[in-house]
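Visitor: Have a look at this one.
The values are calculated or read from the model by the stated rules, or taken from the named source; none is laboratory data. Computed from a predicted model, the values in this text were never measured in an experiment. Counting neighbours? That spans all protein chains shown, and the Cβs are built from the backbone with ideal geometry, glycine included.
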């Protein structure tokens with residue numbers, strides 16, 4: 001598509017959103033689960049069956065070296081005679097999850113450098129807890145934020161939750177900009193997935209289902225501070241500028257990807273169609289997003305390879321499929337590969353972790369973020385780096401060389 005054709009897609013008049021990422025914080029728990037640890041736990045409680053053995057073989061080839069977790073495989077919550085109930089899981093989440101969340105938020109706030117009194121909103125998400133009041137209520141109290149802070153807690157959006165929360169926060173910030181008021185929004189995602197392992201293994205055993213959720217998911221909390229262009233003080237340093245975003249639903253996919261409530265927690269719904277449908281949705285969405293941002297069109301950044309990609313690492317096939325269809329290299333997706341291999345898939349909390357990893361080293365000036373959630377819903381964003389070194393590719397070894405495929409959103 002030519003630049004002229006791209007310009008025709010822009011809906012006039014275009015206004016820069018004036019939205020900036022001011023801080024990023026990521027908190028992983030101190031323990032990790034290696035592939036062999038899952039096999040050890042499974043054999044403690046379940047006899048060998050064809051389904052279990054296949055799941056354990058898949059576990060050896062996910063490409064994940066370790067998955068971050070709130071405890072080892074000897075943690076009491078996963079070593080009861082029966083799988084823990086949803087009430088027991090909630091109790092653990094409101095302890096461990098809130099602690100991780102507070103730590104991640106504090107890191108983001110520290111990087112921003114602002115005062116807690118300046119936080120105007122909090123937008124949070126999780127798919128591994130359904131407490132009322134939500135976990136964000138307890139995070140607000142433990143951080144010591146103003147009790148009149150405006151809260152939004154998103155549910156039902158799974159692995160795309162971090163990006164969906166950022167999109168929601170962006171629209172809230174634009175509302176404040178319209179009123180010419182400062183907005184400093186704490187955007188939070190937290191997932192405690194490791195304690196759902198017994199529920200997943202129960203289904204493998206009882207129904208002889210091939211379920212791979214227990215081989216992929218991990219624990220993490222991550223946060224961002226998002227601000228608009230209005231401020232009551234000087235001295236803020238912008239990290240990223242958010243240029244635009246898009247959200248779409250792939251038709252007739254509700255039964256392909258989900259996370260269903262269960263007396264023993266939640267269970268992953270995943271069909272083999274997911275990787276192909278997800279990657280096929282990306283090219284047109286990328287083209288339309290770039291075409292809606294004149295700065296990108298005018299600078300000739302019309303190809304996917306003109307950007308670094310902060311892709312939610314749902315699994316090896318998701319990453320490699322998008323790499324292939326968008327004609328990217330492993331280097332474009334290095335942060336996604338590295339987070340996936342070192343920590344696994346932490347659902348909604350993973351995206352901010354990928355962004356944090358990308359900002360630690362050299363990068364291209366512009367970044368495309370992308371994630372997939374139940375529905376199948378697709379989130380995409382375009383960012384511009386505001387500070388730090390922007391350098392050419394280093395030609396270092398690929399982090400994807402050891403990855404083999406098994407996926408979830």
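Visitor: Of the conditions (1) without any contact (Cβ under 8 Å) to a residue 40 or more places away in the chain; (2) buried (at least 22 other Cβ atoms within 10 Å of the Cβ), residue 227 fails just one. Which one is it?
Guide: Unmet condition: (1).
Visitor: While we're here: Considering only segment 156-168, I want to know if a residue exists there that is out of contact with any strand residue (DSSP E or B) (no Cβ under 6 Å at 6 or more places or on another chain), modelled with pLDDT under 95 and either within 26 Å of residue 231 (Cβ to Cβ) or surrounded by fewer than 20 Cβ atoms within 10 Å (Cβ to Cβ) (or both).
Guide: For segment 156-168, residues out of contact with any strand residue (DSSP E or B) (no Cβ under 6 Å at 6 or more places or on another chain), modelled with pLDDT under 95 and either within 26 Å of residue 231 (Cβ to Cβ) or surrounded by fewer than 20 Cβ atoms within 10 Å (Cβ to Cβ) (or both): present.
Visitor: Quick check: is even one residue across segment 340-354 at pLDDT 95 or above, farther than 26 Å from residue 271 by Cα and either assigned by TED's automatic domain parsing to the domain that holds residue 219 or surrounded by fewer than 22 Cβ atoms within 10 Å (Cβ to Cβ) (or both)?
Guide: No, segment 340-354 has no match at all.
Visitor: Taking the options 268, 290, name whichever one is under 13 Å from residue 244 (Cβ atoms), touching a helix residue (DSSP H, G or I) at 6+ places or on another chain (Cβ under 8 Å) and crowded, with 17+ Cβ neighbours inside 10 Å.
Guide: 290 is the lone residue from the list that is under 13 Å from residue 244 (Cβ atoms), touching a helix residue (DSSP H, G or I) at 6+ places or on another chain (Cβ under 8 Å) and crowded, with 17+ Cβ neighbours inside 10 Å.
Visitor: Looking at segment 357-366, which of its residues are closer than 19 Å to residue 245 by Cα and either out of contact with any strand residue (DSSP E or B) (no Cβ under 6 Å at 6 or more places or on another chain) or surrounded by fewer than 22 Cβ atoms within 10 Å (Cβ to Cβ) (or both)?
Guide: 364, 365
Visitor: Right, next: Any chance segment 195-218 includes a residue that's in contact (Cβ under 8 Å) with a residue 60 or more places away in the chain, touching a strand residue (DSSP E or B) at 6+ places or on another chain (Cβ under 8 Å) and more than 27 Å from residue 45 (Cβ to Cβ)?
Guide: No, there is no match, as no residue in segment 195-218 is in contact (Cβ under 8 Å) with a residue 60 or more places away in the chain, touching a strand residue (DSSP E or B) at 6+ places or on another chain (Cβ under 8 Å) and more than 27 Å from residue 45 (Cβ to Cβ).
Visitor: Is it the case that residue 305 is at pLDDT 95 or above, surrounded by fewer than 19 Cβ atoms within 10 Å (Cβ to Cβ) and within 22 Å of residue 244 (Cβ to Cβ)?
Guide: yes
Visitor: If residue 336 passes every condition in (1) over 29 Å from residue 60 (Cα atoms); (2) at pLDDT 95 or above but one, which one does it miss?
Guide: The number of the failed condition is (1).
Visitor: Another question, then. Suppose the filter is surrounded by 24 or more Cβ atoms within 10 Å (Cβ to Cβ) and farther than 21 Å from residue 247 by Cα; does residue 203 pass it?
Guide: Taking the combined requirement at face value, the residue does not satisfy it.
Visitor: Can you name every one of the helices (runs of 4 or more DSSP H) wholly within segment 158-276 that holds 2 or more residues which are more than 20 Å from the chain's Cα centre (by Cα)?
Guide: Where helices (runs of 4 or more DSSP H) fall fully within segment 158-276 and carry at least 2 residues being more than 20 Å from the chain's Cα centre (by Cα), they are 161-178, 197-207.
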